[in-house]
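Structure first, commentary second.
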Amino acid sequence: MARASATFAAPPQRPADNRLAPLRLLVLATFIVVAATIGGMAGVNTIDVLAVIFTDGLVAFIDVLAATLGGMAIIRRIVPGAGRALLVASGAGLGLGLLLTAGLMLGLCGWLNAGSAWALVGVLALGGLDLYVDRRRWIRPLALEPAAWLWLLPAVGLGVALVAACLPPGLLWGDEPHGYDVISYHLQIPREWYDAGRILPLEHNVFSHFPLGQETLYLVLMHQMGGAHEAMYACQFLSLLLMGLATVAVYGAVSGMNASASPV
């Protein structure tokens with residue numbers, strides 16, 4: 001009888017892993033700070049701002065996430081021991097570079113459209129699937145130091161930047177004047193490419209002969225969103241996401257230098 005009860009006894013419970021609790025608390029606090037900043041900045045327009053963030057901003061986030069995953073899958077094979085921050089930043093740089101190069105090639109041939117734009121993003125996302133399958137090897141609990149709570153300070157800036165990305169292009173640059181760079185070529189050139197159905201020289205706009213890597217990503221977004229005006233906020237969110245990735249890259253570089261300088 002004792003043998004039977006031992007057979008059907010519940011398996012011993014493993015001790016709870018509380019290593020992620022501080023990280024979850026920091027993420028929750030960051031979310032609260034960002035949300036409070038958005039509410040304070042947008043006021044009665046908070047609902048409208050949130051609607052733009054979770055629609056237009058979501059498309060830009062999907063593109064950057066897919067490109068980052070695809071690039072990380074390649075980087076991880078080339079540099080197996082890369083730190084997490086540098087792995088994310090390098091993967092984003094490689095993945096976005098592949099996305100804009102493919103978009104450039106398709107655009108020059110006149111083959112870039114909504115279907116092909118989403119297909120490019122989908123291919124990059126599928127390329128990063130093995131990261132999810134093998135996630136236990138490269139995702140480790142992040143040990144938080146007390147100084148990590150200082151990230152709540154730039155979280156206020158993030159909330160301000162999210163609200164600013166929901167404003168029509170050109171309103172924030174009164175000293176240029178009136179967002180000249182933005183409305184004359186950063187968004188205007190991909191808009192004309194979108195209207196023409198292909199990437200081509202614009203003889204009336206000398207800026208179209210500059211290297212236009214990020215503007216090609218704007219063109220991809222315009223095809224995904226169905227027009228230049230429809231994608232103008234998504235393009236601004238893309239710029240915001242790239243600034244965030246630059247922050248991750250700086251953090252990864254500094255962390256790597258500190259690790260290499262520490263005594264063995």
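The values are calculated or read from the model by the stated rules, or taken from the named source; none is laboratory data. Everything quoted here is computed from the prediction, not taken from an experiment. So basically every Cβ, Gly included, is an ideal-geometry build from the backbone, and we count neighbours across all protein chains shown. Areas reflect the complete protein model, heavy atoms only, side chains present, ligands, DNA and RNA absent. Shrake-Rupley method; radii C 1.70, N 1.55, O 1.52, S 1.80 Å.
Laid out as a table, the results:
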read-out: All positions within the stretch 188-198 that are surrounded by 23 or more Cβ atoms within 10 Å (Cβ to Cβ) and over 14 Å from L104 (Cα atoms); value: none
read-out: Selection within the stretch 92-127 - open to solvent by less than 70 Å² (accessible area, probe 1.4 Å), assigned to a helix (DSSP H, G or I), in contact (Cβ under 8 Å) with a residue 24 or more places away in the chain and under 15 Å from H223 (Cβ atoms); value: L99, L100, G103, L104, G107, C109, A114, S116, A117, L120, V121, G122
read-out: Answer residue from the stretch 41-88, given it is β-branched (V, I, T) and open to solvent by 80 Å² or more (accessible area, probe 1.4 Å) and is nearest to A155 (Cα to Cα) among those; value: I47
read-out: Test: residue in the stretch 45-61 that is in contact (Cβ under 8 Å) with a residue 24 or more places away in the chain and either touching a strand residue (DSSP E or B) at 6+ places or on another chain (Cβ under 7 Å) or within 30 Å of P146 (Cα to Cα) (or both); value: yes
read-out: Candidate set from the stretch 199-209 (those that are within 28 Å of the chain's Cα centre (by Cα), surrounded by 14 or more Cβ atoms within 10 Å (Cβ to Cβ) and not polar (S, T, N, Q)); member that is nearest to L99 (Cα to Cα); value: I199
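The rows are residues; the columns are (1) open to solvent by less than 60 Å² (accessible area, probe 1.4 Å); (2) in contact with a strand residue (DSSP E or B) (Cβ under 7 Å, 6 or more places away or on another chain); (3) touching a residue at least 60 places away in the same chain (Cβ under 8 Å); (4) part of a helix (DSSP H, G or I).
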position: P211; (1), (2), (3), (4): no, no, no, no
position: L217; (1), (2), (3), (4): yes, no, yes, yes
position: H223; (1), (2), (3), (4): yes, no, yes, yes
position: H229; (1), (2), (3), (4): no, no, no, yes
